[in-house]
Every structure is written in C-alpha cells, then in structure tokens.
Amino acid sequence: MKYRNLLFFSFLLFILALFGCTEISKGEKETTSPIVQSNSEISSLTDKEFLDVGGFNDLKNPTKENFKKVEIKINISNFDTLKNPKINISDNWRSIFGDNYWFGSGSTEDDKFTYNYKMILYTENLTDEEIKRKLKATKYEITWKNNNNQSETKTYSFGENINFSK
C-alpha cells in the first residue's frame, strides 16, 4: 500500500514539474495586436485659411463656406512591440474625392507610427454625409507576425471616428 501511494505521489510530482517547466511566459501568452487610435476631424475654414487656399480661377464667386478642412490622425501606440509591422496606407486622396480635393499634405513618424494628413476639400457639390461615406469606404491595413510567426492583418477605415466641428 505504501509502495502504491509513493508511486502515485511520485507520478503526481512528475506531472506538476512537467507542466511547471513548460509554462509559457506572460509575454508569449498574450497575442500582440495593434492598438489603433484614429480620428478624422471635418471643420470649416477660418478666414486666414480661406485666404491661403488660392487657385480659384475656375470657380465662380467662391466663398469660405464652399470649402472644408479634413484632418486625419492615426496613432498606433504599441507599434514598436509588433513583430515586422507593415502599414499599407494609400493616401491618394485625389482619387477618392476627385475634383473636390483641393490640396493636402501629410506626415508619418515611423518609430511609434503616427500618421497625420490635412486636406482642403471644395464642397459646393459635396455634402458632409458624402465626405463621411468616402472616408468610411477608404481603408488601410496593418500586417504583423504573431507569436507563432504567422502573418496577421487587420483592416481599418479612415471613417471609424469622425467629428464635425465649426
């Protein structure tokens, strides 16, 4: 009887030791995926911004109310913890907004990945709802390797968080 208890106890210790040695570290348990904060702000132009727009040659009586400023910001807060991250952003806004796209410029910071883009749209024949629809339809992708070294991809919309202001 003692022999059977000793054998059972030894087997139990062996199993516990086996599982204790093969435990995955906390960092490996958690699948790292992008933490994305995205914001699109649509607002009217200030008087100074309207004076800086220019290029009114083809327009009849343009007013400040005929234009909107769109500011897009994306921040991936854990970009540096992702394995082999790649961002696929097509910021050819002229192809999205056509003749309504007046001009724009953008910048990125790769170390923590921040994307900023500001554009001016001619909106005489473009409603706020159409701007919102076009931003929602425009996507970008983030691809990275998971802990199993397999590629993962998440697709996001530029229109996920849109704010309209005056």
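Nothing in this text is a laboratory measurement; each read-out follows from the coordinates by a stated rule. Quantities reported herein were computed from a predicted structural model and do not represent experimental measurements. All Cβ positions, even for glycine, are placed from backbone atoms using ideal geometry, and neighbour counts span all protein chains on display.
Per-residue Karplus couplings for region 50-58, computed as 6.51 cos²θ - 1.76 cosθ + 1.60 with θ equal to phi - 60°, are listed in order as 5, 5, 7, 5, x, x, 8, 3, 8 Hz, Gly and Pro entered as x.
Taking each residue as 0.36 nm, the span from residue 127 to residue 41 lengthens on full extension beyond its C-alpha to C-alpha distance by 29.5 nm.
Is there a pair in 64/139; 68/139; 69/134; 64/112; 60/136; 83/118 whose C-alpha atoms are over 25 Å apart, and which pairs would that be? From the list (64/139; 68/139; 69/134; 64/112; 60/136; 83/118), the Cα-Cα distance tops 25 Å for 64/139; 64/112; 60/136; 83/118.
Normalised by 2.2 N^0.38 Å, with N the number of residues, the alpha-carbon radius of gyration of region 72-118 equals 1.36. Per-residue Cβ neighbour counts within 10 Å put 122, 156 in the sequence 156, 122, beginning with the fewest.
Can you run the Rg to Rh ratio on region 32-165? Use alpha carbon positions and the Kirkwood inverse-distance Rh.
1.05
The residues neighbouring residue 39, those whose beta-carbon lies less than 12 Å from its own, together hold a net charge of -2 under the Lys/Arg +1, Asp/Glu -1 convention.
A simple charge model with +1 on the Cβ of Lys and Arg, -1 on the Cβ of Asp and Glu and nothing else charged puts the dipole of region 32-165 at about 360 debye relative to its Cα centre.
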